[in-house]
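Engineer: Questions regarding the structure given below will be posed in turn.
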Amino acid sequence: MYGLLSRNDFKKSLYIRLAVCCLVMYYFTCTLSLADTLTLNDYSRSYIIDSRYFEYNSSYSDSTFYQELTYQKVNSGNDGKNFFRNDTIQKNYYYKIVLKNRTNGQQKWYLVSYNYSIDEIDVWLVNSKGETTYTNFRNTQSLSKKLLRHKQPVFPLSLAYDSIYTLYVRIKNNRTYSYVFALYPEYQFSSYFFSEYFLYGIFYGAMIFALLYNVLNYIILKKRLLLFYVFFIAIQILHMSFRDGSFVIFFPVYFLQHADLYKEFFKGLFSSSLLAYFIFLYKQEFLSKKLYVILLFALIVRLMYTFIFWRDTHNLSYHMDMIVLLLVLYTAYTFWKKGLSGAQYMVVGLLFLIVAYFVYYINVVGMAYTGGIGFFAMYFGITINALLISVGLTEWYKKLRLEIFEKEKIAEQLEQLVSNRTHMLEEQTKELNLLLYNSSHHLRGPLMSIKGICNVAEADSEFTKNKLSELIKFRIDKLDNTLKKINDLSYIKSSSFLKQPINFRALFNHSIAQHKEIIERQKTIVQYEENLHSPHQYDEYLMKIIFENLVQNALIHNSHEKHLVLKISVSEMDGRVKLSFEDNGQGIGEPYIHKIFEMFYRANEYASENAGLGLYVVKLAVEKMGGSIEVTSSLGRGSCFVIMLPF
């Protein structure tokens, strides 16, 4: 074959082959350097435009013609280069994407920017014939003036089946950020964003509920800590509304033009208010001063960064917020370990918030792409955290209210005790004054009688010695009876209750012996009956007081028209010992029966030998042993005293 070609022809053929090889190599080199074509072959899903599918160019000029620019592929391994990004706020960033629609029958698509706060977006769609469709977005547009009334920039695209299109996008913004764009088929666009708005509704509904719940708690409890938490929830609502663009429904266009500024501002206040809340909570619980200083320092640094570096073009604020969340988690855990009621809810709520924020954090700083999960995780984390901390605060204040209630109850009991003691002292003072007054009268009366008798005896020569002795003895017996009653009263008031086995018959015999003379003189009939199944223990001296005074009371108030009959019985009834003293004496009139147990009260004014202390002393003795005394009486027919003593 070589022999058939001349030398010149051979050289010419070789040059042609080398040229073809160079062209082929150049073609493959160009092909490899170009971005992949984004093929739309499934109308049931959306397509995220990442660095595999676009080329970019940056220019300082706003008048640069997009088709004349030289585009280059993005190295997806670089930090923050997986999506559209403006590294310099003065530049225009142009992006070129090649599209091919393979979804038969689905020609209407939507290009959606997940970032609503971009200042300027221009979109050119060029088909294979060179025909161009142009749309744009400016952040000065109100919701009503947008092509679609949607909080995010949306650009409708008409893509014919099996056709290739070139999409050019220009971005200019006053802040540097990574911008995510996606393509949605018409059906998927409606269903996806309906679900998104539904989730927003749940989030903002839950947050408003938590806000109103804590406002109501503040109105009821008047605790300033709740104001800090109400402020914290309000800041979260504002921050998230500027983060997702929900605020555009309620706020004027002016706020949209500065949305990034407000978003960063409220993001700074979000972590600052959380720190302020825990600092105030620290003051309530008085934990370590070192932790307080750390929290205060973190609050000052975060506030300074928020107000000084308000045009944050780096990820430093995200790093700071992550540190703040970990710090407050440690603080909440410290509260829990110290026994703060409800702190366990705070710890769990903050754990949810930190996990959600970390998923979002690694997406923002470029550690990993977490997609929609990274964006919406914050909503779930904030909601759960707000509700759990609200529950924790409720538990804490419930415990505080319980402690306050117990203190108030103790104070009320102490006040009541003091009041009772004061009343008791007043009664005792009144009783003591009455006792002193009447005692002096009853003691001085017999003495003055004795003195008078002596004066009469000196003046009257016919006054015999025996008569004088009899009169003096009567007055001395009256005086001795009064002194004995006062002594009994002193014993009851001052001594303790001393239990010992009681022989009731012996007590009866002793009482009868004490009044033997008067019983014989009045020819009184005394009957005794005892029906006890076992021995019982009481204070013997108190029992003597009861028997002697009730026997004496019956003898003093006897009826002169008939012989006195006194019936004394001791028995058991309903787990108690029953003592009954029944007589057929004068009886007590209805108007006086409720007064007979009062000190120095005498129902019979003619019973001058009675000081009016007997029944009073009996009642005190019965009550000292935990018993009760009742009386039934009929004037002219007699009385019956019934005493019930516990075993």
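Engineer: What accessible area per residue comes out for region 497-551, rounded to a whole number of Å², with a 1.4 Å probe?
Structural biologist: Value returned for region 497-551: 58 Å² of accessible area per residue.
Engineer: Too long at a 28 Å Cα-Cα cut-off: which of K493/K523; K151/K222; K338/K407; K223/K290; K407/K493?
Structural biologist: K493/K523; K151/K222; K407/K493
Engineer: Here is a follow-up. Taking all protein chains in place and a 1.4 Å probe, what share, in percent, of the accessible surface of region 475-534 do carbon and sulfur account for?
Structural biologist: Exposed carbon and sulfur together represent 48 percent of the surface.
Engineer: If the limit is 30 Å between Cα atoms, which of K499/K562; K473/K624; K129/K172; K172/K263; K409/K499; K562/K595 go over it?
Structural biologist: Where the Cα-Cα span goes over 30 Å, the pairs concerned are K499/K562; K473/K624; K409/K499.
Engineer: Taking the Cβ of Y93 as the center, what net charge do the other residues with Cβ under 9 Å away carry, scoring Lys and Arg +1 and Asp and Glu -1?
Structural biologist: Net charge in that neighbourhood comes out at +3.
Engineer: Calculate what fraction, in whole %, of the accessible area of region 109-220 sits on carbon and sulfur atoms when a 1.4 Å probe is rolled over the protein chains.
Structural biologist: The nonpolar share, carbon plus sulfur, comes to 60 percent.
Engineer: Oh, and also: If we sort 194-203, 629-638 on the protection proxy, mean other Cβ atoms within 10 Å, highest first, what's the order?
Structural biologist: Highest mean packing first, the order is 629-638, 194-203.
Engineer: If one computes the Cα centroid of region 517-532 and of region 336-409, what distance in Å separates the two points?
Structural biologist: 86
Engineer: Separate question: Using the alpha-carbon centroid of each, what span in Å lies between region 476-499 and region 200-233?
Structural biologist: What the calculation gives is 70 Å, centre to centre.
Engineer: Determine, for each peptide in 46-52, 509-515, the mean count of other beta carbons within 10 angstrom over its residues, then list the peptides with the highest first.
Structural biologist: Listed from highest to lowest mean packing, they are 46-52, 509-515.
The values are calculated or read from the model by the stated rules, or taken from the named source; none is laboratory data. Keep in mind that what you see is a predicted model, and the values were worked out from it rather than measured. Heads up, the Cβs are rebuilt from the backbone with ideal geometry, glycines too, and the neighbour counts pull from every protein chain shown. These accessible areas exclude ligands, DNA and RNA; they are computed on the full protein's heavy atoms, side chains included. Shrake-Rupley method; radii C 1.70, N 1.55, O 1.52, S 1.80 Å.
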